[in-house]
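See structure below.
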Amino acid sequence: MSLQPDEPAAPPTFPARVAFGRPSVATGLPGRPVSSTPMLPPDVVLDGFEMKEGVARSASVRGDDHRYYGEPRQDSAVCFSVTDQEHSFVVLGVADGVGSQPMSHIGSYAALLGLGKAPNAWQLLADGRHQEAALAFATSAQREVVRFASGYKVDPIATSTTLTFAVIWSDAAGGRNFVVARVGDSEAHLIRGAEWIALFGNSADADLESTGTYCLPSNGTVPEVVAGTLLPGDVLLVCTDGFAGTLNAAGRREHLQQSWQTPPSLTELLWQVDASVRSYGDDRSVAAWWELP
C-alpha cells in the first residue's frame, strides 16, 4: 500500500491594510526624514505586557502625511509598570509633538520618559491625592523635556508636546482605580460593554477635577484630571488626536469595539492603528489596558 503525501498547505497570509471610507491619498512606501534630523525616531514603536489583572498595549505609528513628506514621527506612546512594597501601578502614556515645532519629536519622547521619574507621585495616588499626583507626573515630564532641549542646545519651545497619561492600581479593598490626566488636546476613553465613554467629555462615570494648559513646556502647568474605577472587561485607553480623529470615520469605532473584546496581539494592534482613513494622515498613537474578568 502506498501513502500519498498530503497536499501542501497554503502559506498563511496577512490581511491588507484596512481602510474606512476612501483610503488616504498620501499612501505608498514610507519616506525617510532627512538624515540630519536629531534623534530620528523609528517609523513604528510597539510595546506590551501582561499581568494577572490585565493586558497593556501601546503603539505609535507615523502618519501617512509625515511619511509622504519625509517628516519624522512626532507622536510617542508608552506602557510600563512600577511596583513598590504595597502597590503595582500600570502606566499608559501618549504625547503628541506640536507640529509647528522642529524638535517636537524629541519633546514627546522625553515627556513620556519623565513619567517614570516622579517617585513621590505613586504614594500620592495611593493616598487618593489625584490632582497632586498628576501635577507631580506632569512636572517631571516637563523637567525631562527641558533637559533634552538643553542637551540638544535648542529653545525648549522647539520641543513642545502635549501629554496624556493614565495610571491604574488596586486599593487595599481590592478595588481597581484609575487616574487619567492630560496637558493639551489628546483624548482618553473608557470602553465598557457597548458604551464608548470620552473621559474628558460629560460622563457620569468620571469626576473632572481641574482644567489644564495647552502643551509642555509651559509655566504653571496644571493638568486636567479624571478619576474612576475599572470593572472586569473594561478597556481604558489614551490616544493622540491623530488616532482619535479616525474614530469619526464610518465603521471605525464599531470595528475597534468588536476587535477589542479581547486584547489584540502586537501585530494586530499595529494593523488596527495603521488603518487608512482619508483626511486623517497625522501620526496615530494609543496606549490601552484590558481589564481581565
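The values are calculated or read from the model by the stated rules, or taken from the named source; none is laboratory data. Remember, it's a predicted structure, so these values are computed and weren't measured experimentally. Every residue, glycine among them, receives a Cβ derived from its backbone with ideal geometry; neighbour counts consider all protein chains shown.
For the reader, a short list of remarks on this structure follows.
- PHE165, sole failed condition from (1) surrounded by fewer than 20 Cβ atoms within 10 Å (Cβ to Cβ); (2) farther than 23 Å from GLU71 by Cα; (3) touching a residue at least 60 places away in the same chain (Cβ under 8 Å): (1)
- Given (1) under 18 Å from VAL167 (Cα atoms); (2) touching a residue at least 60 places away in the same chain (Cβ under 8 Å); (3) surrounded by 24 or more Cβ atoms within 10 Å (Cβ to Cβ), index of the condition GLN131 fails: (3)
- Single unsatisfied condition, ALA158 versus (1) at pLDDT 95 or above; (2) under 30 Å from THR246 (Cα atoms); (3) within 19 Å of the chain's Cα centre (by Cα): (3)
- Any chance ALA181 is part of a helix (DSSP H, G or I), among the aliphatic types (A, V, I, L, M), modelled with pLDDT of 95 or more and touching a helix residue (DSSP H, G or I) at 6+ places or on another chain (Cβ under 8 Å): no
- Residue within region 114-121 that is part of a helix (DSSP H, G or I), touching a Gly at 6+ places or on another chain (Cβ under 8 Å) and crowded, with 17+ Cβ neighbours inside 10 Å present: yes
- Hey, GLN257 over 16 Å from the mean Cα position of the chain (by Cα), surrounded by 15 or more Cβ atoms within 10 Å (Cβ to Cβ) and more than 30 Å from ASP127 (Cα to Cα) or not: yes
- Residue list for region 219-251, restricted to those being among the charged types (D, E, K, R) and surrounded by fewer than 20 Cβ atoms within 10 Å (Cβ to Cβ): none
- Qualifying positions in region 55-76 - in a strand (DSSP E or B) and in contact with a Lys or Arg (Cβ under 9 Å, 6 or more places away or on another chain): ALA59, SER60, VAL61, ASP75
- Taken together, the residues in region 142-155 that are surrounded by fewer than 21 Cβ atoms within 10 Å (Cβ to Cβ), touching a residue at least 60 places away in the same chain (Cβ under 8 Å) and within 24 Å of VAL222 (Cβ to Cβ) amount to 1.
- Residues of region 187-199 that turn out to be assigned to a loop (DSSP other than H, G, I, E, B), surrounded by 15 or more Cβ atoms within 10 Å (Cβ to Cβ) and modelled with pLDDT under 95, as a count: 0
- Residue list for region 241-284, filter: over 17 Å from ILE191 (Cα atoms), of a type in the set (Gly, Ala, Ser) and not in a helix (DSSP H, G or I): ALA249, ALA250, SER265, ALA275, SER276, SER279, GLY281
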